[in-house]
Amino acid sequence: MTSDNDGTPPLEAPGAALYIASLVEELAQVAKSHDLDALAYILDMARLEADQISKRWDGQGGPGSSGPN
């Protein structure tokens with residue numbers, strides 16, 4: 001668990017990934033509303049990656065797991 005004094009709650013990796021995904025989703029919406037298409041695309045990719053990381057951790061118990069056999 002991480003605990004910084006920056007105002008964010010202490011989170012395990014899956015929770016941190018979901019938190020990042022929600023923040024990046026909002027930023028992507030701002031970029032889209034200002035026709036910043038390339039930036040919106042990059043932010044969407046970051047959101048997808050954060051979602052996938054969270055699912056991998058929640059589903060297999062840690063990073064780099066290949067899943068159940």
Members of region 24-41 found to be loosely packed, with under 14 Cβ neighbours inside 10 Å and in a helix (DSSP H, G or I), listed by number:
26, 29, 30, 33, 37, 38, 41
Filtering region 22-58 down to residues that are more than 16 Å from residue 12 (Cβ to Cβ) and aromatic (Phe, Trp, Tyr) yields 41
Give me the pairs: first residue in region 6-26 and more than 11 Å from residue 57 (Cβ to Cβ) and at pLDDT below 90, second residue surrounded by fewer than 17 Cβ atoms within 10 Å (Cβ to Cβ) and not aliphatic (A, V, I, L, M), beta-carbon distance under 6 Å, and six or more apart or on different chains, which are they?
10/2; 10/3
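The values are calculated or read from the model by the stated rules, or taken from the named source; none is laboratory data. Keep in mind that this is a model prediction, so the values were computed, not measured. Positions of Cβ are generated from backbone atoms using ideal geometry, with glycine treated the same way; all protein chains shown enter the neighbour counts.
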